[in-house]
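Here's the structure, in structure tokens; my notes come after.
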Amino acid sequence: MKAVILAAGEGKRMHPLTCTRPKVMLPIANKPILEHLITEAEKAGIKEFIFIVGYHDEQIRNYFGNGSRWGVKIDYSTQRKQLGTADALRMVEGAVDGNFLMINGDAVIGYQDIEKLAAGENITMSLTQVENTGDLGLVEINKDKVVRIYEKVGKAPSNLANAGLYLFTPEIFAAVSQTLKSPRGEYEITDSLQLLIDRGHHVSYQKINYWLDFSYPWDLLVANESLLSGTESQNLGEIEENVVTRGAVSIGKGSIVRSGSYIIGPVIIGEDCEVGPNCYIRPHTAIGDGCRIGGAVEVKNSIIMKNTDIPHHNYVGDSIIGEDCNLGAGTKIANLRLDERQITVAGKNTGRRKLGAIMGDGVKTGINACINVGSMIGHKTFIGPGAVVSGVISPESIIL
């Protein structure tokens, strides 16, 4: 059985992180979302994939190649204009034979759920029960079938969300060919499914157990915590004397942890990193390849992407720091409001009491810069010495 993976979208709600990469390539636990997904699918017995790519497709193609590194075969189809999920599926009609899976590439689903779905015979949607129904497609069921699909409605008719994992039979293509543009100007696969339902076709559903979804940048922190909880300790680098580690700490090839560093797992440190001396790495932190975390630096519950330097007297908590960033000496990122209320970003309540900065690629700060809770900083922004930053900062800004 083949799996068609939808990976063409930009993911605008994930800005500033997706200004320079596709959403599916955002890292959690030091691997792209898409890599976690195909690893689970491969464990479920899926060996052939078609990636539908578009936005910054070169990053996906260069990273995954033909799939041999994961023991699978990957082909590609390019959707130059992102005109919706049904439009994407239409492109691969001649490339699939018989029943097949279609999976949104920007979520992680457990292999047991994929395996169970692949064993079915009818067109089937995967559903998951959620507490917060905002920004999700919802599904109404009756006994053993789906009766109505809703896309991001104001009043929730159900607490069952569409998990973006489908089993399709060849019948889906006839419905896709008759699907009209939605009010959002896209051809939606959920409209194709509703078309089948309205014509009396039986669309089944399967409730799934493991689902990591990403609508906003701070959702990556939740997923990072979840995936790091399965980390096993390993040391492929060098640990100097007088380093203390507690819990599961994974250190990549060519990395060195210098004397006086204190690390509490689960923590993952990539390849060719320099950590310490005398720094404090707290739980649920993922440090990408080629990073430098230096003296008197504290990092907690954060994602630090590759080739970023946080070298002198810095604090980074509950934050996502992009690639190729450099924090000047004494730069501090606040992660808790003084009144300890939940943090709002650009008018959106994050549901979190602790959230630091979401920082795009190539951001540089001067000495003693201060970044307030929930700040969104666009890529290639320069923040001067002693500057105080709050709110949403456009890409390539200069803050003095």
Grab the other residues whose beta carbon is less than 14 angstrom from that of Ile383, score K and R as +1, D and E as -1, and report the net. +2
Other-chain or far-sequence residues with amide H under 5 Å of Lys73's (modelled H): Glu48, Phe49
When all Cα-Cα pair distances of the chain are considered, the percent exceeding 40 Å is 20
Specify which residue in the list Cys19, Pro183, Leu165 is farthest towards the positive end of the charge dipole of the chain, using unit charges on the beta carbon of Lys, Arg (+1) and Asp, Glu (-1), about the Cα centre. Pro183
Mean separation of Cα contacts under 8 Å (at least 6 apart) over the residue count of the stretch 167-254, i.e. the relative contact order in percent, is 16
With charges only on Cβ, +1 for K and R and -1 for D and E, what is the dipole size of the stretch 348-400 about its Cα centre, in debye, rounded to 20? 280
Output the relative contact order of the chain, whole-number percent, from Cα pairs under 8 angstrom with separation of 6+ residues. 11
Can you list the equivalent-ellipsoid semi-axes of the stretch 226-399, largest first and in whole Å, using the square root of 5 times each Cα gyration tensor eigenvalue? 27, 18, 14
Going highest first, how would you order 134-143, 114-123 by mean Cβ packing within 10 Å? 114-123, 134-143
At R0 = 60 Å the Cβ-Cβ FRET efficiency linking Asn242 and Arg13, nearest 0.05, sits at 0.85
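How would you rank Phe51, Phe214, going from fewest to most other Cβ atoms within 10 Å of each one's own Cβ?
So the ranking, lowest neighbour count to highest, is Phe214, Phe51.
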Farthest towards the positive end of the dipole of the stretch 226-399, among Gly347, Gly384, Gly260 and with Cβ unit charges of +1 on Lys and Arg and -1 on Asp and Glu, lies the Cα of Gly347
How far is helix 189-198 tilted, in degrees, relative to the longest principal axis of the Cα atoms in the chain, given as a value from 0 to 90 rounded to the nearest 10? 30
Between 0 and 90 degrees, rounded to the nearest ten: what's the tilt of helix 33-43 against the longest Cα principal axis of the chain? 60
Give a residue-ordered list of calculated ³J(HN,Hα) values for the stretch 320-336 (Karplus: 6.51 cos²θ - 1.76 cosθ + 1.60, θ = phi - 60°; whole Hz; x for Gly, Pro). 10, 10, x, 6, 6, 8, 9, 9, x, 3, x, 5, 10, 10, 6, 9, 9
Amide H to amide H, which residues 5 or more places from Val203 or on other chains are under 5 Å from it, using H placed in the peptide plane? Val146
Rounding to the nearest 10 and keeping the result within 0 to 90°, find how far the Cα-based axis of helix 219-228 lies from the longest principal axis of the chain. 80
How large is the dipole of the stretch 251-330 about the Cα centre if only Lys and Arg carry +1 and Asp and Glu carry -1, each at its Cβ, rounded to the nearest 20 debye? 240
Summing +1 per Lys or Arg and -1 per Asp or Glu among the other residues with Cβ less than 15 Å from Thr308's Cβ gives -3
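Quick check on the chain: helices-only [θ] at 222 nm, where DSSP H runs of length 4 and up contribute -39,500 (n - 2.57) each and the sum goes over total residues. Nearest 500, please.
Result for the chain: -4000 deg cm²/dmol, rounded to the nearest 500.
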Counting only residues 5 or more apart in sequence or on a different chain, those whose built amide H sits under 5 Å from that of Thr245 are Ile263
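Using a 10 Å cut-off around each Cβ, can you sort Leu327, Leu193 from fewest to most neighbouring Cβ atoms? Before the final figure, lay out the partial values.
Numbers: Leu327 29, Leu193 25.
Exposure proxy ranking, most exposed first: Leu193, Leu327.
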Short version: ³J(HN,Hα) in whole Hz for each residue of the stretch 374-389, in order, from phi by Karplus 6.51 cos²θ - 1.76 cosθ + 1.60 (θ = phi - 60°), x for Gly and Pro, what are they? x, 7, 10, 10, x, 5, 6, 8, 10, 10, x, x, x, 6, 10, 10
Grab the other residues whose beta carbon is less than 12 angstrom from that of Lys2, score K and R as +1, D and E as -1, and report the net. -1
Which entries of Lys73/Lys207; Lys2/Lys81; Lys43/Lys306; Lys12/Lys380; Lys116/Lys145 have Cα-Cα distances beyond 20 Å here? Lys73/Lys207; Lys2/Lys81; Lys43/Lys306
Determine, for each peptide in 14-26, 245-257, the mean count of other beta carbons within 10 angstrom over its residues, then list the peptides with the highest first. 14-26, 245-257
Antiparallel DSSP bridges in the stretch 226-399: what percent, to the nearest 5? 5
With +1 at each Lys and Arg Cβ and -1 at each Asp and Glu Cβ, the charge dipole magnitude of the chain around its Cα centre, to the nearest 20 debye, comes out at 780
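DSSP beta bridges in the chain, what fraction antiparallel, as a percent rounded to 5? Don't skip to the answer; put the middle values down first.
On the way: 24 of 94 bridges.
About 25 percent, rounded to the nearest 5.
Taken together, the values in this text are just the output of simple stated rules run on the coordinates, not laboratory data. This is a predicted model, so every value here is computed, not measured. With ideal geometry, Cβ positions are generated from the backbone for all residues, glycine too; neighbour counts draw on all protein chains shown.
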